[in-house]
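Have a look at the structure below before the remarks.
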Number of protein chains: 2
Amino acid sequence: MLENNSVGIVVAQCAHFDTPLTLKSGAVLPAFDLTYETYGTLNHDKSNAVLICHALSGTHHVAGKYSENDKYPGWWDNLVGPNKPLDTNKFFVIGVNNLGGCHGSTGSVSVNPVTGKPWGSTFPIVTVEDWVNSQARLLDFLGIPTLAAVIGGSLGGMQALQWTLAFPNRVRHALVIASAPNLTAQNMAFNEVARQAIITDPEFHGGDYYAHNTVPRRGLRIARMLGHITYLSDDAMGAKFGRKLKSNIQYSFDAEFEMESYLRYQGDKFAGEFDANTYLRMTRALDYYDPALPFNGDLSAALKQAKAQFLVVSFTSDWRFSPARSREIVKALLDNELTVSYAEVTAAHGHDAFLMPDAHYHNILRTYLSNIEIGGNDAK
Amino acid sequence: MLENNSVGIVVAQCAHFDTPLTLKSGAVLPAFDLTYETYGTLNHDKSNAVLICHALSGTHHVAGKYSENDKYPGWWDNLVGPNKPLDTNKFFVIGVNNLGGCHGSTGSVSVNPVTGKPWGSTFPIVTVEDWVNSQARLLDFLGIPTLAAVIGGSLGGMQALQWTLAFPNRVRHALVIASAPNLTAQNMAFNEVARQAIITDPEFHGGDYYAHNTVPRRGLRIARMLGHITYLSDDAMGAKFGRKLKSNIQYSFDAEFEMESYLRYQGDKFAGEFDANTYLRMTRALDYYDPALPFNGDLSAALKQAKAQFLVVSFTSDWRFSPARSREIVKALLDNELTVSYAEVTAAHGHDAFLMPDAHYHNILRTYLSNIEIGGNDAK
């Protein structure tokens, strides 16, 4: 069943790019595909496009369902649809699977046409900057000169920020949610543990597990279990599970506490679905992103080329991308006399809050997005 | 070289117990050894004994060195020694390796006399309550009726608390540092991820890796890397490593950031030294400890039998055993009209702060311990 305000049944599309893409690392991708979805209608003067950038394990499938019987809608369906905060009656919304991803865009699981085998370990390490460059190619492909807005949470927020730096004339508004101008050492440390769990899994085979007909499931499972802890606040885990036992204490290493069952379930599910090489690359992109690095850590100097207007949102219980990190972005934008709205939302859910349909949060987005002017009046 | 105020060269000792010990799980250990060390001299009326309880990976080797050339002293050497905060001129100090440990006391690595093979997976799961019971046996063995004090940090603090509940007449003071009346769901979740990393390591062999002449090194390494993140505060990691690169970005999964090298080093070191089965059991003991459980979560009711005087210490940046958790203990003790001193120490080091020689913290311990009255004047 589809809700009334769903974007409805959607179809993923694929754009092929033949012009080589030089990555930040210096590696060159001779050609690549990007898988994407769109919702709403591009207006006459092409001024109503909004790009949604996904986080670590996201995809292009942001909203709607693939069939009436599809169990779950896209990952940000609560945000995107007719009369939803990101209103598809007004905006033409684009979701895209990042380059290096495992949901259709070219990545480690894709076949390298030169070898006829999966790229595997040879797929280059892509960065936030590379993603934004490839997304600009997608806009060219779609004939969109300028984005009304780019929006993303977490790693997606880094891409939104990077859009304003790489293409200051192609983006009018950036919504940077639950994000940071770079990762803290602690955040990078969690990524490192997750990667080491994957890389040291004997089934990883140096990243070429496809050839061995296996996947480093154990490592990916540990990585995801760890991730889940950091997406929730301590309080949220306490409220959701507390110390609830499934039955009496068994003096075993089985899942005796409900929280243990939850983590194992999430880990198993993810390990069966997600590509390990992609996980490694997504976390590395997070580690590397640091626009202030070439400016000796001066974020204000780094953001000097930005021209967009900004909405920055953080959540009080988010300990992985804390409000303090968002305020760093806000300060640097204000130093450059840019127009910035900042909301620090009181929310219990930790980092995951950016995905939740919290009324206060959604109203902030709704209000901000409704005030964005679009040119043509022919956006249905 | 030994410092002036070192306890000097020390020798570990072993006490053997032949009377069966019934564990909380119902399992019975027919006999067991406890490895321990002592510093200072037991006074005539045996009123100056202080027991130190160790945390997750601690040992009986609290202070001093095993030889002049020993590279490192015991793990709490900055606290214990002549004229140190826990002054061995006044006190007779006992360090003991917990039952189930891997440093001499009977545990998974020990040979089960019935089978002639290491206990391995068959060694029972021990609890904080079991440790305290076994430690009481050690006091009997040493001819000590009553402890002047019991002291511990983290999991050691739980043992100190448990001493006052299990043997209210055998302990006069309890120093409960950086601890909690039970673990939060988040804390248990970190333990679960660590255990799953170990248990799913193909070299674990269901806990009987000794028979396969191997150890689950990869899992233990991941567990320790993860642990290290949680022992430090985000700020401490930032101050210690920040985003410092070892050289330029290499676009690889090598240890490019200094923090990555540190974590890998710590993980490798630990995996080469510590026993995986012991790690599993120590974390499970942490999970299970919850004196309020039989009292429907009413900690005040749970602590009713305590008679000791208390010093409770927490550290502002400790996010794994936060000050709020220490305050729960303080409140429950006050509800029972017990004498409690509480110090919330401003410290940057996170949970690890309890092991650091912070002057303010050490002065608190020094003052508290110096006020403990001991009977005989023959403690040198």
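Write down Rg/Rh for segment A:253-293, rounded to two decimals, with Rg from the C-alpha atoms and Rh from the Kirkwood relation over Cα pairs.
Numbers: Rg = 15.4 Å, Rh = 12.5 Å.
Ratio of gyration radius to Kirkwood radius for segment A:253-293: 1.23.
Can you work out the Karplus-derived ³J(HN,Hα) for every residue in segment B:304-311? Use 6.51 cos²θ - 1.76 cosθ + 1.60 with θ = phi - 60°, whole Hz, and x for glycine or proline.
In residue order, the calculated couplings are 4, 7, 5, 10, 5, 8, 10, 10 Hz.
Can you work out ³J(HN,Hα) from phi for every residue in segment B:193-203, in order, using Karplus 6.51 cos²θ - 1.76 cosθ + 1.60 and θ = phi - 60°, giving whole Hz and x for Gly and Pro?
Working through the residues one at a time gives 4, 4, 5, 5, 4, 6, 5, 8, 5, x, 7 Hz.
Given a 1.4 Å probe and no ligands, DNA or RNA in the count, how much accessible surface is buried by A and B, both sides, to the nearest 100 Å²?
The contact between B and A buries close to 4800 Å².
Given a 1.4 angstrom probe, I'd like the percentage of the accessible area of segment A:4-144 that is carbon and sulfur, rounded to a whole number. Numbers along the way, then the final one.
Numbers: 2770 of 5170 Å².
It is 54 percent, rounded to a whole number.
If you look at just the Cα atoms of segment A:224-289, how large are its Rg and its Dmax in Å?
Rg and Dmax of segment A:224-289, Cα atoms, are 14.7, 47 Å.
Run the quick spin-label model on residue A:293 and residue B:344: label points 7 Å from Cα toward the beta carbon, then report their separation in nm to one decimal.
Modelled inter-label distance: 3.9 nm.
Kirkwood hydrodynamic radius of segment A:108-170 from all distinct Cα pairs, in Å? Write down the numbers at each step before the final one.
Details: mean 1/r = 0.0754 Å⁻¹.
One over the average 1/r among Cα pairs gives 13.3 Å for segment A:108-170.
Once phi is turned into ³J(HN,Hα) by the Karplus curve 6.51 cos²θ - 1.76 cosθ + 1.60 with θ = phi - 60°, what whole-Hz value does each residue of segment B:283-293 show in order, with x for glycine and proline?
These are the phi-based 3J(HN,Hα) values: 5, 5, 4, 4, 4, 6, 5, 6, x, 7, 4 Hz.
Using only DSSP helix segments of four residues or longer, with each worth -39500 (n - 2.57), what per-residue ellipticity at 222 nm results for chain B after dividing by its residue count and rounding to 500?
Helix contribution divided over all residues of chain B: -10000 deg cm²/dmol.
Using a label point 7 Å beyond Cα on the Cα-Cβ vector, give me the inter-copy distances for residue A:273 in nanometres, one decimal, shortest first.
Distances to the matching label points in the other copies: 4.1 nm.
In square nanometres and to one decimal, what's the mean projected area of the convex hull around the Cα atoms of the protein assembly as shown?
Details: hull surface 138.2 nm².
The number I arrive at for the protein assembly as shown is 34.5 nm².
Going by the alpha-carbon gyration tensor, a ≥ b ≥ c the square roots of its eigenvalues, is segment A:322-380 rounded (a/c under 1.5) or, if a/c is not under 1.5, prolate (a/b greater than b/c) versus oblate?
Cα axes put segment A:322-380 in the oblate bin.
Pull up the cross-link candidates among the aspartates and glutamates for residue A:331, meaning alpha carbon to alpha carbon under 18 Å and not fewer than 8 places away within one chain.
Reachable aspartates and glutamates: A:290, A:298, A:344.
Between rounded, prolate and oblate, where does segment B:168-246 land on the alpha carbon gyration tensor, with a ≥ b ≥ c its root eigenvalues, rounded for a/c under 1.5, else prolate if a/b exceeds b/c? It would help to have the intermediate numbers written out before the result.
Numbers: a/c = 2.40, a/b = 1.16, b/c = 2.07.
Judged from the Cα gyration tensor, segment B:168-246 comes out oblate (a/c at least 1.5, b/c at or above a/b).
Between residue B:117 and residue B:19, what length in nm is gained on full extension when 0.36 nm per residue of separation is reduced by their alpha carbon distance?
Numbers: separation 98, 0.36 × 98 = 35.28 nm, distance 2.15 nm.
Value of the extension gain: 33.1 nm.
Binned at 10 Å from 0, what are the whole-percent values of the Cα-Cα distance distribution for chain B, short to long?
Result, from short to long distances: 5, 23, 33, 27, 10, 2, 0 percent.
So if we plug the beta-carbon distance of residue B:301 and residue B:324 into 1/(1 + (r/R0)^6) with R0 = 25 Å, what FRET efficiency do we get, rounded to 0.05? Intermediate values should be presented prior to the final figure.
Values: r = 20 Å, r/R0 = 0.80.
It comes to 0.80.
Could you list which residues have their amide H under 5 Å from that of residue A:27, counting only those 5 or more apart in sequence or on another chain, with H placed in the peptide plane?
Close amide H contacts, sequence-distant or interchain: none at all.
With a Förster radius of 22 Å, plug the Cβ-Cβ distance of residue B:371 and residue B:137 into 1/(1 + (r/R0)^6) and report the FRET value to the nearest 0.05. If you can, show how the numbers build up before the last one.
Details: r = 29 Å, r/R0 = 1.33.
The computed FRET efficiency comes out at 0.15.
List the residues whose amide H sits under 5 Å from the amide H of residue B:100, counting only those 5 or more places along or on another chain, with H placed 1.01 Å from N in the peptide plane.
B:106, B:107
For segment B:184-315, with every protein chain kept in place, what is the accessible area per residue (1.4 Å probe, Å²)?
Working: 4600 Å² over 132 residues.
With all protein chains present, segment B:184-315 gives 35 Å² per residue.
What does the average come to when, for each residue of peptide B:177-188, you count the partner chain Cβ atoms lying within 10 Å of its Cβ?
Working: counts 0, 0, 0, 0, 0, 1, 2, 8, 18, 13, 4, 10.
What the average comes to for B:177-188 is 5.
Need the C-alpha centroid separation for segment A:245-304 versus segment B:269-324, integer Å.
Segment A:245-304 and segment B:269-324 have Cα centres spaced 26 Å from each other.
With +1 on each Lys and Arg Cβ and -1 on each Asp and Glu Cβ, how big is the dipole of chain A about its Cα centre, in debye rounded to the nearest 20? Each step should come with its number before you reach the end.
On the way: 31 positive and 37 negative charges, 5 e Å.
Roughly 20 debye for chain A.
Once the Cβ-Cβ distance between residue A:245 and residue B:337 is put in as r, and R0 is 35 Å, what FRET efficiency do you end up with, to the nearest 0.05? Display every interim value, and only then the final one.
Working: r = 32 Å, r/R0 = 0.91.
For residue A:245 and residue B:337, the calculated efficiency is 0.65.
For the ranges B:47-56, B:79-88, what's the packing order if you count other beta-carbon atoms within 10 Å of each residue, average per peptide, and put the highest first? Intermediate values should be presented prior to the final figure.
Values: B:47-56: 25.7, B:79-88: 22.2.
Top to bottom by mean Cβ count within 10 Å: B:47-56, B:79-88.
Take every Cα pair under 8 Å in segment A:167-268 that's 6+ residues apart, average their separations, divide by the length, and report that relative contact order as a whole percent.
Working: 78 pairs, mean separation 22.7, N = 102.
Relative contact order here is 22 percent.
Please state the shape class of segment A:1-106: rounded when a/c is under 1.5, otherwise prolate if a/b exceeds b/c and oblate if not, all from the C-alpha gyration tensor.
Working: a/c = 2.37, a/b = 1.65, b/c = 1.43.
Because a/c hits 1.5 or more and a/b exceeds b/c, segment A:1-106 counts as prolate.
Towards the positive end of the charge dipole of segment A:244-342, with charges on Cβ (+1 Lys, Arg; -1 Asp, Glu), say which of A:280, A:266, A:333 has the farthest Cα.
Highest projection toward the positive end goes to A:333.
Could you check how much of the accessible area of segment B:204-361 is carbon and sulfur, as a whole percent, using a 1.4 Å probe?
Values: 3250 of 6440 Å².
With neighbouring chains kept in place, the figure for segment B:204-361 is 51 percent.
Put a label point 7 Å from Cα along the Cβ direction on residue B:301, then list its distances to the equivalent points in the other copies in nm, shortest first.
6.3
Suppose you put the label 7 Å out from Cα in the Cβ direction; list, shortest first and in nm with one decimal, how far residue A:244 is from each other copy's label.
Inter-copy label distances (nm, one decimal, shortest first): 4.5.
Give me, ordered by chain and number, the residues 5 or more places off residue B:343 or on other chains with an amide H under 5 Å from its own placed amide H.
When sequence neighbours closer than 5 places are left aside, the close amide H contacts are B:312, B:313, B:314.
For peptide B:196-202, compute the average count of partner chain beta-carbon atoms within 10 Å of each residue's beta-carbon. If you can, show how the numbers build up before the last one.
Working: counts 12, 10, 1, 2, 8, 5, 4.
Neighbouring Cβ atoms belonging to other protein chains average 6 per residue here.
The values are calculated or read from the model by the stated rules, or taken from the named source; none is laboratory data. Computed from a prediction, not measured in an experiment: that's the story for all the values here. Positions of Cβ are backbone-derived with ideal geometry, glycine not excepted, and every protein chain shown enters the neighbour counts. All accessible areas refer to the heavy atoms of the entire protein, side chains included, with ligands and DNA or RNA removed. Shrake-Rupley method; radii C 1.70, N 1.55, O 1.52, S 1.80 Å.
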